[in-house]
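Participant: Would you mind keeping the following structure in view while I ask a few things?
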């Protein structure tokens, strides 16, 4: 099982940054974030997938389309070319050069290519979709030399040019003598040029299994970071790709830039505005890649109105209930009493339950989170109760295997719940799901960000959806059921399990 919030310190910092920014934006409503561009931005984006005589590729067209959309959002004037023949590709490169030459010296030129590419005698060649080759000597007659792009860009004498090649897939000409080198060769570029490759010289890049290559997927995401220099952007891309490919692919770059370049330069009358965007995007990226229920829930609590919120809610439902039938022996073995006890302790008011957890599991996987939560509650003025006041359910969970605990019997959707918690006692399931959280979802979170806020910000709790969730708790053993996070803790889950036992009546 993945430890809850192993990067907890980062999460807390990001959430607080977002909250403070939100407060500032409220105080200074009406101030806007502006995008300031000091230069013309021109881009030629090419993606070749549908090859005729050599192996086709799944993703280059998708990669080109993704990057073209992203560049347009960053004020680039984009020419998109897909599945280009040799004539079409050469014509587009020539026109790109003419367009750049018509601009002033401050113009930025960007060329991106995804598709097959090969090297021969130290030169790199981009392969059009109509390429055919049986003799290595004919390569420059049927392909497009990458150096021709650099020549066109250099002729414009503009200050900044960027060339990005996601073209290091498997060599399609391995059967052709003298063309058995993998990947691309490192190129020498004129002053003022930044070169980026999907992988190291001579190495092979992955095409990707989910719509986009690992390199372009990371690139399109990272270039939107506000005020990040291009050098830092490529470092972030490199880290992402190395992580995603388990070290099999390392993006490469070389630079002769003399001016600073930022893809997403944000000028704001309120500097915190850019910080808010950074915090929100970083928080969502972390939650999405972690596929951890708690992290996704925390993102939704902090950014309930985010553009990422619909995707986050869908992921939360998938993680919470979508995979309930896939119970591996490993998963069953790692869902121990500790997870259930920690969840109960986290959702109980006061400090006794958290102390009980820390005493029972001094080296547990949730110790860091429990200690932070306990410190925050004490700092917030909550009563420092002793262990004798710990809720009975915590004590019983410590003393009794979860598999032996059973509910008293089925209830209905309209049954009033019996609980020691005042906020739950006497409410029906129908009423309870409309309530706000009883405790802050993040230690120290200001009340205005969670109290009196409906839990539906994170869950679509219709009766049908609740029944589906309840069926999950019914079909899973109690140990697995209690390990799932829920805004109302064990009381709600026990009630749902009992309700499901009565066919959700």
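The values are calculated or read from the model by the stated rules, or taken from the named source; none is laboratory data. Quick caveat, the model's predicted, so the values are computed rather than measured. Cβ atoms come from the backbone with ideal geometry, glycine included; neighbour counts cover every protein chain shown.
Participant: Show me the helices (runs of 4 or more DSSP H) found entirely inside the stretch 121-230 where at least 1 residues are at pLDDT 80 or above and over 30 Å from residue 289 (Cβ atoms). Reasoning before the result, please.
Facilitator: Values: elements: 139-142, 147-155, 214-222.
So the answer is 139-142, 147-155.
Participant: Also, quick follow-up: Would you point out the residue of the stretch 234-291, among those that are over 15 Å from residue 194 (Cβ atoms) and touching a strand residue (DSSP E or B) at 6+ places or on another chain (Cβ under 7 Å), that is modelled with the lowest pLDDT?
Facilitator: Only one residue tops the list, namely 268.
Participant: Out of the residues in the stretch 300-326 meeting the condition of being assigned to a loop (DSSP other than H, G, I, E, B) and touching a helix residue (DSSP H, G or I) at 6+ places or on another chain (Cβ under 7 Å), tell me which one is modelled with the lowest pLDDT. Steps first, answer last, please.
Facilitator: Restricting attention to the stretch 300-326, the residues satisfying the condition of being assigned to a loop (DSSP other than H, G, I, E, B) are 303-308, 323-326.
Of the ones still in play, those that are also touching a helix residue (DSSP H, G or I) at 6+ places or on another chain (Cβ under 7 Å) are 303-304, 306, 308, 324.
Details: 303: 76, 304: 71, 306: 78, 308: 82, 324: 42.
Filtering the stretch 300-326 for residues that are assigned to a loop (DSSP other than H, G, I, E, B) and touching a helix residue (DSSP H, G or I) at 6+ places or on another chain (Cβ under 7 Å), the one modelled with the lowest pLDDT comes out as 324.
Participant: Given the conditions (1) crowded, with 22+ Cβ neighbours inside 10 Å; (2) modelled with pLDDT under 95, and given that residue 111 satisfies all but one, which numbered condition is not satisfied?
Facilitator: Residue 111 satisfies all of (1) crowded, with 22+ Cβ neighbours inside 10 Å; (2) modelled with pLDDT under 95 except (2).
Participant: While we're on this one: For the stretch 412-424, check the following and say yes or no: at least one residue is touching a helix residue (DSSP H, G or I) at 6+ places or on another chain (Cβ under 6 Å), assigned by TED's automatic domain parsing to the domain that holds residue 466 and at pLDDT below 60.
Facilitator: The answer is no, given that none of the residues of the stretch 412-424 is touching a helix residue (DSSP H, G or I) at 6+ places or on another chain (Cβ under 6 Å), assigned by TED's automatic domain parsing to the domain that holds residue 466 and at pLDDT below 60.
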